[in-house]
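The structure appears right after this line, and notes come after that.
The values are calculated or read from the model by the stated rules, or taken from the named source; none is laboratory data. The shown structure was predicted, so the numbers you read here are calculated from the model rather than taken from an experiment. When we count neighbours, we look across all protein chains shown, and the Cβ atoms used for this are built from the backbone with ideal geometry, even at glycine.
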Amino acid sequence: MISTDPWIWLSALLSISCFSLLYGDNKAFRWAETTYTASVIGHSVVTGLVTLRDRFYPLYTGAQPQYIVPLILGILSIFIVWRKYAWLATISMALMIGVGTGISMRALIATDIIANTRAVIGETAGILKGSPADQLGNLIRVVFTIAALWYFVFTLIPKGPTAKPFSWIQTIGKYALIAYIGVAVGNTMQQFTGCATSAIYRIVGLWLGFG
Amino acid sequence: MAKIPELKSQYIWLVALILFLIPAVNPLGAPFAMSDVTVKIYDLMQSLPEKSIVVMGGASVFAFDIESSPGMIACLKQMAARHLRLVTFPLGTEAAQYHKFCIDAARVDQKYGGPWKYGVDYVLLPYTPGGSAALISFLKSVEATVTLDINGVPINQLPLMRDFHSYKDIAVWMCPHWGFIDIIRYATGECGVISVSFAQSAAYATFSPYMMAYPGKVYMTNGYVGGAQYERLVGIKGLGHKVVDSYSLISVLIPALIILGNITMIVRMKEEEVEAKE
């Protein structure tokens with residue numbers, strides 16, 4: 001049975017309007033596009049206002065007076081739109097970027113470099129044990145990891161007798177990257193197929209009442 | 001030689017639409033294999049003691065997070081049945097909406113006949129700006145980072161939040177978002193919290209090395225198929241199953257289009273050769 005919920009009707013009409021782009025550009029798609037853009041911006045503004053309330057509630061109650069510092073920094077960042085005093089915004093921007101970079105670097109070394117290196121060492125040990133499928137999987141991962149790293153680290157190939165082996169490893173590295181991109185693109189296709197199914201199910205199942 | 005008629009893109013979309021409509025109207029029940037990792041996640045959630053606190057948090061875009069929802073919704077049903085507790089911590093503006101959507105869709109609240117009561121069994125926290133810095137602060141001290149829930153109620157008035165002070169109280173961090181790397185870096189890497197992601201398929205290839213880097217600490221399912229696997233373990237048939245049906249049909253269409261495209265290209269090349277000779 002067709003839904004009587006006005007929100008589901010709106011959702012279905014927006015979905016159909018978005019899908020209509022596949023036939024060609026049209027007014028229905030433009031309506032859906034502008035409605036979506038406006039609602040995202042509207043939602044961000046409302047969320048921003050609610051966030052201000054939540055963040056500075058302890059300052060308002062006096063529980064955490066030190067929150068005056070982020071409040072001042074936040075106000076300074078608004079000066080970015082006023083050319084004469086835009087330099088004031090750089091204070092809060094610099095602090096934000098500095099803190100962000102600092103904490104990212106701290107975790108990045110431990111997680112992305114040390115932990116991943118440890119994982120590759122573990123996989124190297126796994127080449128000689130486990131089922132043949134696991135052994136092959138570990139071998140491919142280790143070879144591809146080393147070759148891909150090699151490709152980026154040794155951007156200049158030395159001349160002489162080592163030139164050929166260097167270029168072979170680089171070529172394997174290129175194939176590793178192509179394989180990675182292929183997997184990533186294939187997975188992205190799956191994601192879009194799934195999202196389309198979700199939207200079509202909303203139209204057919206929730207709106208029209210089939211399925 | 002007879003000319004090949006031009007295949008308009010609209011015809012291809014029409015065929016694709018019909019293939020999408022079939023499982024939406026009449027589920028096919030296409031088979032799919034179960035993943036060991038998905039079973040491990042299910043077993044992990046089953047093994048948690050009652051009243052354990054699970055955090056659902058991270059940042060991303062709602063439209064793409066839909067792919068994480070089948071697994072997340074099934075997991076929420078499992079958590080409610082196991083009497084676990086949930087706190088949401090959105091690090092993106094749309095994540096706050098998404099968390100509420102998952103809880104509503106799982107029908108675990110008492111208003112839908114479920115066992116969970118707001119404030120006692122689950123709490124929705126508001127969007128917290130600051131990205132990684134906010135996450136670190138939250139892990140260190142919940143009270144110093146968040147003071148009100150999403151409805152504007154001070155968190156010290158909510159019974160659940162009286163038991164939740166820092167990362168030490170978190171049993172598992174669930175991240176049904178793209179921004180899983182931050183959770184791995186800070187919640188797992190620095191605090192040792194087990195993290196689980198119902199990852200989107202586009203993110204899976206990028207994030208899966210972290211499962212090798214943190215064995216027994218980081219778990220991921222892969223896209224809608226992972227969601228369908230979790231639905232099967234929990235005993236429901238949701239969006240994950242419908243998408244697996246679509247995958248099966250679209251997987252037939254894509255090779256057919258590739259073959260058709262190649263035949264067209266070869267025939268056109270021959271036509272051009274003939275025209276060039278003339």
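Restricting attention to the stretch B:254-267, the residues that are more than 9 Å from every other protein chain (Cβ to nearest Cβ), closer than 21 Å to A:ASN187 by Cβ and either crowded, with 16+ Cβ neighbours inside 10 Å or β-branched (Val, Ile, Thr) (or both) total 1.
When B:PRO154 is tested against (1) within 14 Å of chain A (Cβ to nearest Cβ); (2) buried (at least 20 other Cβ atoms within 10 Å of the Cβ), only condition (2) is not met. When the stretch A:175-197 is limited to residues that are surrounded by 13 or more Cβ atoms within 10 Å (Cβ to Cβ) and either β-branched (Val, Ile, Thr) or more than 14 Å from chain B (Cβ to nearest Cβ) (or both), the one that is farthest from B:ASP65 (Cα to Cα) turns out to be A:TYR175. Only one of the listed residues (B:LEU139, B:LEU148, B:LEU124) is within 13 Å of chain A (Cβ to nearest Cβ) and touching a His at 6+ places or on another chain (Cβ under 7 Å). That residue is B:LEU124. I'd like to know if the stretch B:205-213 contains one or more residues that are buried (at least 24 other Cβ atoms within 10 Å of the Cβ) and more than 11 Å from every other protein chain (Cβ to nearest Cβ). No, the stretch B:205-213 has no match at all. In the condition set (1) modelled with pLDDT under 90; (2) in contact with a helix residue (DSSP H, G or I) (Cβ under 8 Å, 6 or more places away or on another chain); (3) not charged (D, E, K, R), B:TYR214 is compliant with all but (1). Any idea which residue in the stretch A:154-166 is farthest from A:ASP112 (Cα to Cα), counting only those that are surrounded by 10 or more Cβ atoms within 10 Å (Cβ to Cβ) and of a type in the set (A, V, I, L, M, F, W, C)? Per the criteria, the residue is A:ALA163.
Answer yes if at least one residue in the stretch B:42-64 is surrounded by 24 or more Cβ atoms within 10 Å (Cβ to Cβ), in contact (Cβ under 8 Å) with a residue 60 or more places away in the chain and assigned to a helix (DSSP H, G or I), and no otherwise. So far as the stretch B:42-64 goes, no, none of its residues is surrounded by 24 or more Cβ atoms within 10 Å (Cβ to Cβ), in contact (Cβ under 8 Å) with a residue 60 or more places away in the chain and assigned to a helix (DSSP H, G or I). If you go through the stretch B:124-143 and keep only what is more than 20 Å from the chain's Cα centre (by Cα), farther than 16 Å from A:GLY48 by Cα and outside any helix (DSSP H, G or I), you end up with just B:SER141. Could you list, in sequence order, the residues of the stretch B:144-183 that are over 26 Å from B:LEU44 (Cβ atoms), of a type in the set (Ser, Thr, Tyr) and under 25 Å from the mean Cα position of the chain (by Cα)? Of everything in the stretch B:144-183, nothing turns out to be over 26 Å from B:LEU44 (Cβ atoms), of a type in the set (Ser, Thr, Tyr) and under 25 Å from the mean Cα position of the chain (by Cα). State which residue is farthest from B:LEU249 (Cα to Cα) when the search covers only the stretch B:16-41 and only residues that are exposed (fewer than 13 other Cβ atoms within 10 Å of the Cβ) and within 12 Å of another protein chain (Cβ to nearest Cβ). Looking at residues that are exposed (fewer than 13 other Cβ atoms within 10 Å of the Cβ) and within 12 Å of another protein chain (Cβ to nearest Cβ), I get B:ASP36. Scanning the stretch A:1-60 for residues that are within 13 Å of chain B (Cβ to nearest Cβ), touching a residue at least 24 places away in the same chain (Cβ under 8 Å) and not hydroxyl-bearing (Ser, Thr, Tyr) turns up A:ALA12, A:ILE16, A:CYS18, A:PHE19.
Inspection of the stretch A:6-29 identifies no residue that is of a type outside the set (D, E, K, R) and under 30 Å from B:ASN156 (Cα atoms). If you go through the stretch B:167-180 and keep only what is touching an Asp or Glu at 6+ places or on another chain (Cβ under 9 Å) and either among the charged types (D, E, K, R) or surrounded by fewer than 23 Cβ atoms within 10 Å (Cβ to Cβ) (or both), you end up with B:TYR167, B:ASP169, B:TRP178. Of all residues in the stretch A:100-134, those satisfying the criterion of being more than 10 Å from chain B (Cβ to nearest Cβ), in contact with a helix residue (DSSP H, G or I) (Cβ under 7 Å, 6 or more places away or on another chain) and in a helix (DSSP H, G or I) are A:THR124, A:ASP134. Return the residues of the stretch A:61-85 that are surrounded by 12 or more Cβ atoms within 10 Å (Cβ to Cβ), modelled with pLDDT of 85 or more and either among the polar types (S, T, N, Q) or not in a helix (DSSP H, G or I) (or both); say none if nothing qualifies. Across the stretch A:61-85, the qualifying residue is only A:SER77.
Every condition in (1) within 10 Å of chain A (Cβ to nearest Cβ); (2) at pLDDT 90 or above holds for B:SER201 except the one numbered (2). Residues in the stretch A:5-24 that are modelled with pLDDT under 90 and loosely packed, with under 12 Cβ neighbours inside 10 Å: 1 in all.
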